[in-house]
């Protein structure tokens, strides 16, 4: 059985733009080693963050990353839940909503607001290193 996964923005951006250990993740999602869940709201955040000036990406580069590196490999999930668990950073709640509605096994994040929860509604919230370990043990 393949894990159903929500990837937080910080994980996806690192995987796409930096070739360290996170770069492995791109290969794994392209090889369909897990089911990469995505909602419209989370996709919009990926695009917004890729547009930050510090990444110095042109519009066509962002379009390429989204259309060629992400969209062919995801399962689009309609999110109906409105989770309001994280008060300090309400933007993070979209990942919890996607996790619940997408019946995710894990939310993979580097965000302390999410990681501190540990688990939400049966969805385990783990770091990238923990997730990569779990994948290598499959």
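The values are calculated or read from the model by the stated rules, or taken from the named source; none is laboratory data. As the structure is a prediction and not an experimental result, all values here were calculated from the model. All Cβ positions, even for glycine, are placed from backbone atoms using ideal geometry, and neighbour counts span all protein chains on display.
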### Query
For segment 1-36, what are the residues that are exposed (fewer than 13 other Cβ atoms within 10 Å of the Cβ), free of Cβ contacts under 8 Å to residues at least 24 places away in the same chain and more than 19 Å from residue 111 (Cβ to Cβ)?
1, 19, 27, 31
### Query
Hey, among 51, 39, which residue is surrounded by 13 or more Cβ atoms within 10 Å (Cβ to Cβ) and either over 14 Å from the mean Cα position of the chain (by Cα) or modelled with pLDDT of 95 or more (or both)?
39
## Note on the structure
Condition set more than 16 Å from the chain's Cα centre (by Cα) and closer than 14 Å to residue 12 by Cα, scope segment 54-66, selection surrounded by the fewest Cβ atoms within 10 Å (Cβ to Cβ): answer is 55
### helices (runs of 4 or more DSSP H) (entirely within segment 1-89) containing at least 1 residues that are within 23 Å of residue 132 (Cβ to Cβ) and out of contact with any helix residue (DSSP H, G or I) (no Cβ under 8 Å at 6 or more places or on another chain)
9-17, 23-30
### Message
Tell me whether segment 71-84 contains one or more residues that are surrounded by 12 or more Cβ atoms within 10 Å (Cβ to Cβ) and over 23 Å from residue 16 (Cβ atoms).
### Response
yes
### Message
Go through segment 113-138 and report how many residues are without any contact (Cβ under 8 Å) to a residue 40 or more places away in the chain and part of a strand (DSSP E or B).
### Response
5
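Checking the structure you have, find out if any residue of segment 94-104 is part of a helix (DSSP H, G or I) and exposed (fewer than 12 other Cβ atoms within 10 Å of the Cβ).
Just the residues of segment 94-104 that are part of a helix (DSSP H, G or I), to begin with: 94-101.
Still in the list and also exposed (fewer than 12 other Cβ atoms within 10 Å of the Cβ): none.
No: zero hits.
Residue 110 - would you say it is modelled with pLDDT of 85 or more, part of a helix (DSSP H, G or I) and either buried (at least 18 other Cβ atoms within 10 Å of the Cβ) or within 13 Å of the chain's Cα centre (by Cα) (or both)? I'd like the intermediate steps shown before the answer.
On the way: modelled with pLDDT of 85 or more: yes; part of a helix (DSSP H, G or I): no; either buried (at least 18 other Cβ atoms within 10 Å of the Cβ) or within 13 Å of the chain's Cα centre (by Cα) (or both): yes.
It is false that residue 110 is modelled with pLDDT of 85 or more, part of a helix (DSSP H, G or I) and either buried (at least 18 other Cβ atoms within 10 Å of the Cβ) or within 13 Å of the chain's Cα centre (by Cα) (or both).
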